[in-house]
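Data block below; observations after.
What follows draws every value from the coordinates through simple rules; no lab data is involved. Since the model is a prediction, treat every value here as computed from it, not as a measurement. So basically every Cβ, Gly included, is an ideal-geometry build from the backbone, and we count neighbours across all protein chains shown.
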């Protein structure tokens, strides 16, 4: 009978008198109750193996490592976990997504506060703890008031004194995610008048990109780094 790699590895651990429960606690289960999440990546996929990548993938992998990042969770290194590390299992996908994200977030000239309003809407509607927690912190860093964050965070009515651009984005996002997934003519006309064609396309593309990112995070059950608490309230809906 052919011995599986897992059984062979476990046999070696037993012979070496290394507690199997310790190995599982450190390498497979990040949090109690998670039976399919790797400690080393914080999600359902192990860290990408460079040797399994094609030449393009190896080049991309090396460029990330040379930039000081790590594909495993390591407190002594810059953490490279989350959606980009997951996407590296398909380097072409990782590269194209990174390029689009780089443009929309940093090169398009989008106001950082409006950018974060858009991303937070994606995270909230997709119920993504990882995405929300990361971007609530970023939103505060770029000066978005906590009161504005909380309108999205707690799904509150849009107040009359909220900035017209922030209000327009929140209203647009809420309509995109409502049951019929349609944007009203009035909401669209207001957004178009405020942002113009190019910027409005970029806002919707950014929303779509982070909706897709939340799908990746949710599918692969990406956990927050150990010891970090979620900033997204639990939902009953």
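Annotations
- Residue 234 versus residue 161: modelled label distance in nm, points set 7 Å from Cα along the beta carbon direction: 3.4
- Taking 219, 118 and counting other C-beta atoms within 10 Å, the order from fewest to most: 219, 118
- Förster radius 41 Å - calculated FRET efficiency between residue 198 and residue 55, Cβ distance, rounded to 0.05: 0.70
- Ordering 215, 81 by the number of other Cβ atoms within 10 Å of each residue's own Cβ, fewest first, gives 215, 81.
- Efficiency of FRET between residue 140 and residue 186 - r from beta-carbon atoms, R0 30 angstrom, step 0.05: 0.40
- Contact order normalised by residue count of the range 129-225, Cα under 8 Å, 6+ apart, percent: 29
- By the beta-carbon count within 10 Å of each Cβ, the least crowded to most crowded order of 148, 138, fewest first, is 138, 148.
- Where labels lie 7 Å past Cα in the beta-carbon direction, separation of residue 218 and residue 66 in nm: 3.8
- In percent, rounded to a whole number, the relative contact order of the range 63-187 is 16, using alpha-carbon pairs under 8 Å and six or more apart.
- Considered as an equivalent ellipsoid built on the Cα gyration tensor, the range 114-186 has semi-axes of 19, 15, 10 Å, the largest given first.
- Overall form of the range 42-105 per C-alpha gyration tensor (a/c, 1.5; a/b vs b/c): rounded
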